[in-house]
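See structure below.
The values are calculated or read from the model by the stated rules, or taken from the named source; none is laboratory data. Note that the structure is a prediction, hence the values are computed from the model and not measured. So basically every Cβ, Gly included, is an ideal-geometry build from the backbone, and we count neighbours across all protein chains shown.
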Amino acid sequence: MTLNDTSKQLNSWSAFGRFFRQEFLPVLTNLRLAIVMFLAIALFSITGTVIEQGQSHAFYQANYPEHPALFGFLTWKVIQVVGLDHVYRTWWFLSLLILFGTSLTACTFTRQLPALKAARRWKFYEEPRQFQKLALSAELETGSLSSLTPLLQKRRYKIFSEPEKDNILYARKGIVGRIGPIIVHIGMVTILLGAIWGTMTGLMAQEMVASGDTFQVQNIIDAGPLAASISKDWSVKVNRFWIDYTPKGGIDQFYSDLSVLDSQGKEIDRKTIFVNQPLRYRGITFYQTDWGIAAVRVRINKSPIFELPMTQLNTKNSGRIWGTWIPTKPDLSAGVSLLARDLQKTLLIYDSTGKLINTMRAGMSAEVNGVTLKVLDVIGSTGLQIKSDPGIPIVYAGFALLMLGVVMSYFSHSQIWALQKDDRLYVGGKTNRAQVAFEQEVLDILDQLNSPTSSEEPSILTEKIS
C-alpha cells in the first residue's frame, strides 16, 4: 500500500467519523425518536400479549378468519406474515430493541456523562457582577464566610475553597441527582439486554399429564435459536391433581402435587402448585394453566378393572365435555357412552341411540344393557405450561437499577457561591429542580446571617429572586 493510498483511507475514515458525529449521532440521540421507539415497543408488546403466541396454523385460521376480519384487517394471514404470532422473536422487534438500546447508550455518553462531568467541576466567583447572572443572589452588609460555612454544612452542603484565597467559597449538594439519569439509562439498557437474551435462549412447552403419571418435558412449542435442550436426567411426577369447587359448582382453584425425580426415581424436590404459585427447578418453571379428564376406571359385572381414556368432545363452544365408550358385550357389538363435565364425578350414561338412560357418581353401580356397570374413579389430568427464560434475572436487575435511578433523580443538585469583598458578602445560588424549596433554604441562610450580633442593625443591601 502506497502512502497515497494510506492517506486516502485515513481521509475516508475521517469523513465517516465526521458524518457519524455531525449527522447520524444527533438523530440517534434525538429525544423524539427515543419516545417514538419506546411507544412502538410498548404497542408491539401489547400486541404480543393480546394475540396468542406460538399457536398452531389451524388455531390462527379458526380464531382469526378472513371473513369477517378482526378490525377489518387482522386475519390469520396478516398475523403469520408479519410475525404477530411470535412478536418477541421477529427480526423487526429485536431490531427495534437494539436500536432503542443504542439510542439510550449514545445519549448516556453524549449528554448524561458530560453533564455529570460538568456538575462535578466547580469554579469560584471572584467578581460581584458574576452573582447577577444567578437566579437567586443577595448582597449583605454583614456576615462572613466563616459564619456561612457552618450554616451550609448543617444543610449537608459540600464546601470547596482555596487556601490561598480565603474570601471565596463554593458549595454544592445533591450530585447524586445528576447520576440518577445515568442509572436510569443503564437500567433500561439492562432490561432490553435481558429481554433479548431471554428471547434468544428461552423456550416454552405444554404438557397434559394424568394424575399419577411421570413425564419429561418434550412438547416444546416455542424456543429461541440459542435455547439449550432440557436435560433428560430428571423427570416430574404428578402425584395428585384435584379441583376445589365453589358452593355453586364453579371452579375455585385447581392444584397439582408435583415431585421432581432424579434418574433413579428418587424425589429431589416437591411442591403443590396452583395458579400464580409455580414450581421452579434448574431455571425451568412449571405453571398450572389448564385441566382435563384423562380416564375413567370401570368394572363390568365381576371383570377386572378397566381404565378407559376419555376424550374432550367438540361442543362448538357450549362447554367442556369429556366422553368414552364402554362395551357391554364381549364381542363389542353393543355398548354405552359415558360423559362427564368436571371432576365432581357426576357421569351421564347414554345408549347407542343417544338417549340418556342413567346418571351416576363415581363409586356407584348401574344396570345397563343387562350388565352391572360400576364406575370406580374419574382420573383428572393437569395442564402445565413450562417455561425457561434465562433473561429474567437480567430483567429484574435492570428494573432494580431503573427504580434506583428514578429515586436518585429526585435529589436536587443545588449550588451556592459566596464572595467577601469590600466589606460586603455576596451570596447566590441555583438548582436544577425544587426551585421554591431551594429559594426558601437560601432565604433561611440569609436570615441567619442577618441575625443581629451587636447593637448595630445589619441589613441586606440588594436581593434578587427570579
Residue match in the range 156-166 (condition: assigned by TED's automatic domain parsing to the domain that holds V442, crowded, with 20+ Cβ neighbours inside 10 Å and not small (G, A, S)): yes
In the range 20-70, the residues that are among the charged types (D, E, K, R) and either part of a helix (DSSP H, G or I) or touching a strand residue (DSSP E or B) at 6+ places or on another chain (Cβ under 6 Å) (or both): R21, E23, R32
Any hit, the range 283-300, residues being out of contact with any Asp or Glu (no Cβ under 8 Å at 6 or more places or on another chain) and surrounded by fewer than 12 Cβ atoms within 10 Å (Cβ to Cβ): no
Index of the failed condition, K374 passing every other in (1) of a type in the set (K, R); (2) touching a residue at least 40 places away in the same chain (Cβ under 8 Å); (3) exposed (fewer than 12 other Cβ atoms within 10 Å of the Cβ): (3)
Strands (runs of 3 or more DSSP E) wholly inside the range 369-437 containing at least 3 residues that are among the β-branched types (V, I, T): 371-388
Evaluation of R240 against (1) over 25 Å from L203 (Cβ atoms); (2) in contact with a strand residue (DSSP E or B) (Cβ under 9 Å, 6 or more places away or on another chain); (3) modelled with pLDDT under 90 (one fails), failing number: (3)
Looking only at the range 236-258, and only at residues there that are within 29 Å of the chain's Cα centre (by Cα) and hydroxyl-bearing (S, T, Y), the one that is surrounded by the fewest Cβ atoms within 10 Å (Cβ to Cβ): Y255
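When only residues in the range 125-155 that are of a type outside the set (A, V, I, L, M) and assigned to a loop (DSSP other than H, G, I, E, B) count, which is surrounded by the most Cβ atoms within 10 Å (Cβ to Cβ)?
Going through the range 125-155, the residues of a type outside the set (A, V, I, L, M) turn out to be 125-133, 137, 139, 141-144, 146-147, 149-150, 153-155.
If we keep only those that are assigned to a loop (DSSP other than H, G, I, E, B) too, we end up with 125-127, 141-144, 155.
Numbers: Y125: 19, E126: 12, E127: 10, E141: 14, T142: 19, G143: 24, S144: 13, R155: 15.
My answer is G143.
Within the range 43-96, track down each residue that is among the small types (G, A, S), under 24 Å from P225 (Cα atoms) and surrounded by 13 or more Cβ atoms within 10 Å (Cβ to Cβ).
So the first thing to find is which residues in the range 43-96 are among the small types (G, A, S), and the list is 45, 48, 54, 56, 58, 62, 69, 72, 83, 95.
From what's left, under 24 Å from P225 (Cα atoms): 45, 48, 54, 56, 58, 83, 95.
Selection gives S45, G48, G54, G83.
Among the listed residues L338, L384, L332, L348, identify the single one that is under 48 Å from the mean Cα position of the chain (by Cα) and either modelled with pLDDT under 90 or within 26 Å of L258 (Cα to Cα) (or both).
Working: L338 fails: either modelled with pLDDT under 90 or within 26 Å of L258 (Cα to Cα) (or both); L332 fails: under 48 Å from the mean Cα position of the chain (by Cα); L348 fails: either modelled with pLDDT under 90 or within 26 Å of L258 (Cα to Cα) (or both).
When all the criteria are applied, what remains is L384.
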Hits in the range 359-401 - residues which are farther than 30 Å from G283 by Cα and acidic (D, E): E367, D377
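I'd like to know if the range 336-357 contains one or more residues that are more than 30 Å from G250 (Cβ to Cβ) and part of a helix (DSSP H, G or I).
Kept after step one, since they are more than 30 Å from G250 (Cβ to Cβ), are these residues of the range 336-357: 351-353.
Of the ones still in play, those that are also part of a helix (DSSP H, G or I) are none.
Looking through the range 336-357, none of the residues is more than 30 Å from G250 (Cβ to Cβ) and part of a helix (DSSP H, G or I).
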Which numbered condition Q420 fails, given (1) more than 40 Å from the chain's Cα centre (by Cα); (2) free of Cβ contacts under 8 Å to residues at least 60 places away in the same chain: (2)
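Only one of L33, L43 is at pLDDT 80 or above, within 21 Å of T108 (Cα to Cα) and not assigned by TED's automatic domain parsing to the domain that holds D222. Can you tell me which?
Working: L43 fails: within 21 Å of T108 (Cα to Cα).
Answer to the selection: L33.
Residue by residue through the range 111-127, note down the ones that are touching a residue at least 24 places away in the same chain (Cβ under 8 Å) and either over 20 Å from I445 (Cα atoms) or assigned by TED's automatic domain parsing to the domain that holds K421 (or both).
Taking the range 111-127 first, the residues touching a residue at least 24 places away in the same chain (Cβ under 8 Å) are 111-113, 115-116, 119-120, 122-127.
R111, Q112, L113, A115, L116, A119, R120, W122, K123, E126, E127 - these are the residues of the range 111-127 that are touching a residue at least 24 places away in the same chain (Cβ under 8 Å) and either over 20 Å from I445 (Cα atoms) or assigned by TED's automatic domain parsing to the domain that holds K421 (or both).
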